[in-house]
């Protein structure tokens, strides 16, 4: 029996267990949308293509499954670009489909034509322009495989309209012919590296584990990490992407490191004699000036991507593989009685924790943004899924919402995409309807994808948005205050709308909170409400994120609030 | 330092942009690039000559190796590789200089592939150095046009055995 490309498309999605896609139709996608009309797939119509891809990304991050999104050709496709780059930087398995003009029109500057294949080369793990319906099924199988295998990442498939309408004989189930690369090192070399690492661990007196997003992505790695840390008594610091890889309430937890990390995490990294990096990539927001980073330490790197080893910092030993397997191997390999004592080191760290806890000023009648995050943490018992926007809101969320399990802190770490958090929250809630989902937002970021309120309300996606409204692009303002003589060039968001009315206009509940006393009540009310809620917290307008490593500085050389 | 990077890729559309993109992004200057099919029609060999920092190159090679269509990447050592390049050079001649140009061509083993009243077109394949020498000697006569393929290279099997 002959089948159209559009029918093969839908069948292949179903073969991959796809039950939800986020998308926005358009002219060249009509054949596929017609096929979706009666398909057992939930299509979430967002109000902007960028919302669709961020939602697919959020869905993927919390579920571990592939997030699928779709947009039409030309402007629809280019609206996916920020989302592709976001997913690429944070290694998120997203498969994005774009409609394209028919193959005979390609390259003619046709209506709504854009070379999304060319545009997306540097921001996808792989991409395709399918010119033959007979290849469609195979391409889709490859795309789903590539998105999730090894180091995950986004894959884009560009689908010309005639490829969707052409009828072909039922295609066979494809056999993947992707090239497999040989192992990165010989078995002997691997054994040598492993023995070296075990001996470094046994000799270390001041070790630290630095865990990143790779631990979140590798199923079960958090258990292996905990086992290793507890067995060898090694303190653990996580990156922004690694939040939830190790319980932040654990005595061995140092919280987050880096530019806005805790003082004790950064001091520990600066003073450690062994740093074990796992699933992390020595981002500049983590290392500060790389030549000053962990300079007293031997460095061990465990990662799935050989290209990350030695990229920023030369390492003393490394292993390539899934974080879970490597951590397990190390945990099994060490003998606690053979380890050097870490007693003094752990005492030193406890002292730092007592001397330099995270703290913020409490002013009479003024809401501290940190207090709002703390209250969300209290009222959700640390069990919510938190998404963030980018800037101060993101850093306060990271500092004050302690995470104890993976896939619960969803943030655009690498690309730093404002407008990410709200659509990602929608995707997260659809993937995990039983969990409370809070987007911790700023008044700037929220307005970048505020139109998705319609998506949330119409689809009854019960997400909560907590706007830390300071009337500024707060993080940029903070830099202007500290490094540009308080010249607040273009960072005051004059003309902000009434967020309560906006929420109401879309059919969500809007709450305005202007005093600290109202904060816990508003959060409780939002949680109890069975629909999307936007809480507009009017917070201290010029509060800063501290501690802070000035750009280009060493991470143990941090700025803090001046005592007034 | 100067490097000859040999990349084997699946013969897919777009693969060249993927590979080249990684070099240009890390501000690696590509001096020459030649691509052609191998003994297996589905596989293309891309030979890239680049100059730059060795540590950055190591990174770029790892990134290239990550590309789905890339089968292998190697950094060929100059003294352990056979390198060849083809040049077609059109030289201005007069009745008086024609003989001298042909003489130079003969010394280099270059073939005369075309001749007009006031030009001679030569073809020569050889190592980069040989081509450079030929070009240097022809320059005084006036080179009106030149096309070069860029270097292709294979590892020298005899040097691997030693």
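Using mean Cβ contacts within 10 Å as the protection proxy, how do A:470-483, A:249-262 order, highest first?
Most protected by this proxy first, the peptides run A:249-262, A:470-483.
Under 11 Å from a point placed 7 Å out from the Cα of residue A:458 along the Cα-to-Cβ direction: which residues of the stretch A:35-61 have their backbone N that close?
Within reach of a label on residue A:458, which here means backbone N under 11 Å from a point 7 Å along Cα→Cβ, the stretch A:35-61 contributes A:44-48.
Output the relative contact order of the stretch B:82-154, whole-number percent, from Cα pairs under 8 angstrom with separation of 6+ residues.
Dividing the mean separation by the residue count of the stretch B:82-154 yields 52 percent.
Over the Cα atoms, compute the radius of gyration (one decimal) and Dmax (the largest Cα-Cα distance, rounded to a whole number) for the stretch A:2-169, in Å.
Just the Cα atoms of the stretch A:2-169 yield Rg and Dmax of 14.1, 41 Å.
In what order do B:18, A:54 fall by count of nearby beta-carbon atoms within 10 Å, going from fewest to most?
Result, fewest neighbours first: B:18, A:54.
Using alpha-carbon positions, what is the distance between the centroids of the stretch B:13-45 and the stretch A:70-148, in Å?
The stretch B:13-45 and the stretch A:70-148 have Cα centres spaced 21 Å from each other.
With r defined as the distance between the Cβ atoms of residue A:42 and residue A:109 and R0 fixed at 51 Å, what FRET efficiency is calculated, to the nearest 0.05?
Working from the Cβ atoms, E equals 0.90.
How large is the convex hull of the Cα atoms of the stretch A:229-289 per residue, expressed in Å³ as a whole number?
Roughly 88 Å³ of hull volume per residue.
Which three lengths, in whole Å and largest first, does the stretch A:270-328 cover when its Cα atoms are put on their principal axes?
That gives 30, 21, 17 Å along the principal axes, largest extent first.
Gap in Å between the Cα centre of the stretch B:46-90 and the Cα centre of the stretch A:362-410?
49
So what's the convex hull volume per residue for the Cα atoms of the stretch A:269-374, in Å³?
Given the Cα convex hull of the stretch A:269-374, per-residue volume reads 165 Å³.
Can you tell me the Rg and Dmax of the stretch B:71-162, counting just the alpha carbons, in angstroms?
Both quantities, over Cα of the stretch B:71-162: 16.2, 54 Å.
What does the convex hull of the alpha-carbon atoms of chain B project to on average, in nm²?
Its average projected convex-hull area is 11.5 nm².
Run a plain Debye calculation on the stretch A:439-564 (Cα atoms as equal point scatterers, no solvent) and give log10 I(q)/I(0) at q = 0.11, 0.20, 0.21 Å⁻¹, rounded to two decimals, same order as the q list.
The computed values of log10 I(q)/I(0) come out as -0.47, -1.09, -1.15.
Quick one: work out the % antiparallel among DSSP beta bridges in the protein assembly as shown, nearest 5.
So the antiparallel bridges amount to about 45 percent of the total.
Give, in whole angstrom and from largest to smallest, the semi-axes √(5λ) of the equivalent ellipsoid of the stretch B:2-76, with λ running over the eigenvalues of the Cα gyration tensor.
Result for the stretch B:2-76: semi-axes of 20, 12, 11 Å.
If we restrict to alpha carbons, what Rg and Dmax does the stretch A:373-426 come to, in Å?
Using the Cα atoms of the stretch A:373-426, the pair Rg, Dmax is 10.5, 30 Å.
So for the pair residue B:1, residue B:26, with labels modelled 7 Å out along Cα→Cβ, what separation do we get in nm?
1.5
Report, as a whole number in µm² per second, the diffusion coefficient that Stokes-Einstein gives for chain A at 10 °C and 1.306 mPa s using the Kirkwood radius over alpha carbon pairs.
Here the translational diffusion coefficient equals 64 µm²/s.
Most exposed first by the Cβ proxy, i.e. fewest other Cβ within 10 Å, how do A:362, A:379 rank?
A:362, A:379
Viscosity 1.002 mPa s, temperature 20 °C: Stokes-Einstein D of the stretch A:187-355 from its Kirkwood Cα radius, in µm² per second?
This corresponds to a translational diffusion coefficient of 139 µm²/s.
Of A:186, B:38, A:124, how do they rank once you tally other Cβ atoms within 10 Å and put the fewest first?
Arranged by neighbour count, lowest to highest, A:186, B:38, A:124 become A:186, B:38, A:124.
Considering every pair of different Cα atoms, what Kirkwood radius, in Å, is found for the stretch A:118-199?
Kirkwood hydrodynamic radius for the stretch A:118-199: 15.6 Å.
Using alpha-carbon positions, what is the distance between the centroids of the stretch A:169-221 and the stretch A:412-451, in Å?
Centre-to-centre distance over Cα atoms comes out at 31 Å.
7 Å from Cα along Cα→Cβ at both residue A:165 and residue B:158: what's the point-to-point distance in nm?
Between residue A:165 and residue B:158, the simple spin-label model gives 6.3 nm.
Regarding the stretch A:156-284, what's the average projected area of the Cα-atom convex hull, expressed in nm²?
Here the figure is 13.1 nm², rounded to one decimal.
With Kirkwood's inverse mean 1/r over C-alpha pairs for Rh, give me the Rg to Rh ratio of the stretch A:426-507, two decimals please.
1.08
Note down the relative contact order for chain A as a percent, whole number, built from C-alpha pairs under 8 angstrom at least six residues apart.
Taking the mean separation of contacting Cα pairs over the length of chain A, I get 14 percent.
How many partner chain Cβ atoms sit within 10 Å of a residue's Cβ in peptide B:71-78, on average, as a whole number?
That average works out to 1.
How far apart, in nm, are two points set 7 Å out from the Cα along the Cα-to-Cβ line at residue A:355 and at residue A:486?
Inter-label distance under the simple model: 3.2 nm.
May I ask you to list the residues of the stretch A:334-374 whose amide nitrogen lies under 16 Å from a point 7 Å from Cα along the Cα→beta-carbon direction of residue A:514?
Under 16 Å, as judged by backbone N against the label point of residue A:514, lie A:365-368 of the stretch A:334-374.
Tell me, rounded to the nearest percent, the portion of alpha carbon pairs in the stretch A:369-538 spaced more than 28 Å apart.
So the portion of pairs separated by more than 28 Å is 15 percent.
Values in this text are rule-based calculations from the coordinates and carry no lab data. Only a predicted model underlies this, so the values are computations on that prediction, with no experimental measurement involved. Here the Cβ is made from the backbone with ideal geometry for all residues, glycine too, and neighbour counts use every protein chain on show.
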